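Quick notes on the structure that follows.
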Amino acid sequence: MNASATARALADRWTVAVPMIAALVLALSWGRDLGPVAVALIALCLAGSVLAAVHHAEVVAHRVGDPYGSLILAVAVTVIEVALIVTLMIDGGPKASSLARDTVFAAVMITCNGIVGICLLVGAVRSRVAVFNAEGTGAALATVATLATLSLVLPTFTIGKRGPEFSPAQLGFAAVASLLLYGLFVAVQTVRHREYFLPLTQDGQLRPDDDPSALPGRRETTLSLIMLLVALVAVVGNAKSVSPAVESGVDAVGMPQAVVGVVIALLVLLPETLAAVRAARRERVQTSLNLALGSAMASIGLTIPTIALASIWLDGPLHLGLGATHTVLLVLTVVVGALTVVPGRATLLQGGVHLAIFAAFVFLAISP
């Protein structure tokens, strides 16, 4: 066995072992009061599960090709993220009334500014100009902007209920509209206009498909798909396990409760962030943007319908409307994103602008 085969065998072993260990730790720690040592152990398992999830996501993406690979990872992470939000809302009491809004908005800002900014920087550093498909990326950004406005901006201005809330009928409309719009986008991305979401060369041509002989086998792909789900469950479940420690830390330093949603979103989106950056390093910026904007879209398009259904038995108010500061940041994100997308090419400057908006979001979350 040569050195590369040995390294691959070792990688396969640890990426299977770590998620299993993390899942076992999750089962043993679920619902218990944890001390500092246990929290540190769970944090290590969380980090290992993130790296394992990225490995298995790349194996699956390599097998199924673009844009299906990025779609699988985005949907898988979001489904488990939604389960985490609902669980925290059930356990959180009155403080959890704005948790869904804070987490979803944080996911939008992280993906549309943090991940997009980093990936454009990486792509521009390697090739001077990051090249992507303006048609597909523009359609994704338009869908994110519409979903965010319907679900996170309108509740601030409607008068059906007092406060930044939807009435039951309005919430039902937003849920159905979000689900249908997300389903329409997935159909366009994977069937009708799949070519708009494929990586491009520096000349603007579609990158050739990978050599079929280099693709992972069915058995390896099936194992990676299973382990990807196990790793993501471990990531999100262990993130919930350490969330009380995060909340205690936030309260201890006097930060706003919204910071908890930011931290949860950062933890949950780590696998997608790393996968997107690695794609940008391989000069597949379109794949990175598919991951980023697809995650933002799925976070809204799947969370809002689930929250609407869960609100039937959840007690207390459901605050979805953004405040003035966050609304301004969302508008700025959409405007800058549109200006970035239209040319289909981006330099270091565009990446830096998106990261500046992301930095402003984090700073204002800590110091509103």
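The values are calculated or read from the model by the stated rules, or taken from the named source; none is laboratory data. Predicted, not measured: the structure shown is a model, and the values here were computed from it. Quick reminder, even Gly has a Cβ in these numbers, built from the backbone with ideal geometry, and neighbours come from all protein chains shown. Side chains are part of the model used for accessible areas, which takes the heavy atoms of the whole protein and leaves out ligands, DNA and RNA. Shrake-Rupley method; radii C 1.70, N 1.55, O 1.52, S 1.80 Å.
Residue pairs whose Cβ atoms lie under 8 Å apart, sitting 6 or more positions apart in sequence or on different chains, and linking a residue in the range 132-147 that is in contact (Cβ under 8 Å) with a residue 24 or more places away in the chain and farther than 15 Å from TYR182 by Cβ to a partner that is of a type in the set (Phe, Trp, Tyr) and buried (at least 24 other Cβ atoms within 10 Å of the Cβ), are ASN133/PHE197; GLY136/PHE197. Look at the range 31-55: where a residue is closer than 20 Å to PRO244 by Cα and a partner is open to solvent by 90 Å² or more (accessible area, probe 1.4 Å), sitting 6+ places away or on another chain with Cβ atoms under 7 Å, you get CYS45/ILE21. Can you confirm whether the range 190-202 contains a residue that is loosely packed, with under 15 Cβ neighbours inside 10 Å and closer than 22 Å to VAL104 by Cα? No; the residues of the range 190-202 include none that is loosely packed, with under 15 Cβ neighbours inside 10 Å and closer than 22 Å to VAL104 by Cα.
When VAL277, VAL353, VAL331, VAL341 are screened for being without any contact (Cβ under 8 Å) to a residue 12 or more places away in the chain and not hydroxyl-bearing (Ser, Thr, Tyr), only VAL331 passes. Taken over the range 262-290, the criterion of being part of a loop (DSSP other than H, G, I, E, B), more than 22 Å from GLU81 (Cα to Cα) and of a type outside the set (Asp, Glu) is satisfied by ARG282, ARG284.
Results for (1) at pLDDT 85 or above; (2) more than 21 Å from the chain's Cα centre (by Cα); (3) more than 27 Å from LEU179 (Cα to Cα), shown as yes or no for each residue.
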position: PRO305; (1), (2), (3): yes, no, no
position: LEU314; (1), (2), (3): no, yes, no
position: LEU318; (1), (2), (3): no, yes, no
position: GLY323; (1), (2), (3): yes, yes, no
position: LEU330; (1), (2), (3): yes, no, no
position: VAL335; (1), (2), (3): yes, no, no
position: VAL342; (1), (2), (3): yes, yes, no
position: VAL362; (1), (2), (3): yes, no, yes
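Could you please let me know if GLY316 is in contact (Cβ under 8 Å) with a residue 24 or more places away in the chain, touching a Pro at 6+ places or on another chain (Cβ under 9 Å) and not in a loop (DSSP other than H, G, I, E, B)? No; evaluated as a whole, the condition is false for this residue. When the helices (runs of 4 or more DSSP H) confined to the range 80-173 are screened for residues that are farther than 30 Å from ASP251 by Cα and open to solvent by less than 20 Å² (accessible area, probe 1.4 Å), those reaching at least 1 such residues are found at 116-127, 134-148.
Scan the range 9-65 residue by residue and report those that are among the charged types (D, E, K, R) and open to solvent by 50 Å² or more (accessible area, probe 1.4 Å). ASP12, ARG13, ARG32, ASP33, ARG63 - these are the residues of the range 9-65 that are among the charged types (D, E, K, R) and open to solvent by 50 Å² or more (accessible area, probe 1.4 Å). Of all the criteria given as (1) part of a helix (DSSP H, G or I); (2) touching a Phe, Trp or Tyr at 6+ places or on another chain (Cβ under 8 Å); (3) not charged (D, E, K, R), the one not satisfied by GLY321 is (1).
Checking each residue in the range 326-364 for being open to solvent by 10 Å² or more (accessible area, probe 1.4 Å) and under 22 Å from ASP251 (Cα atoms) picks out HIS326, ALA359, ALA360, VAL362, PHE363, LEU364. Every test in (1) open to solvent by less than 10 Å² (accessible area, probe 1.4 Å); (2) over 22 Å from GLN189 (Cα atoms) is passed by ALA279 save one, and that test is (2).
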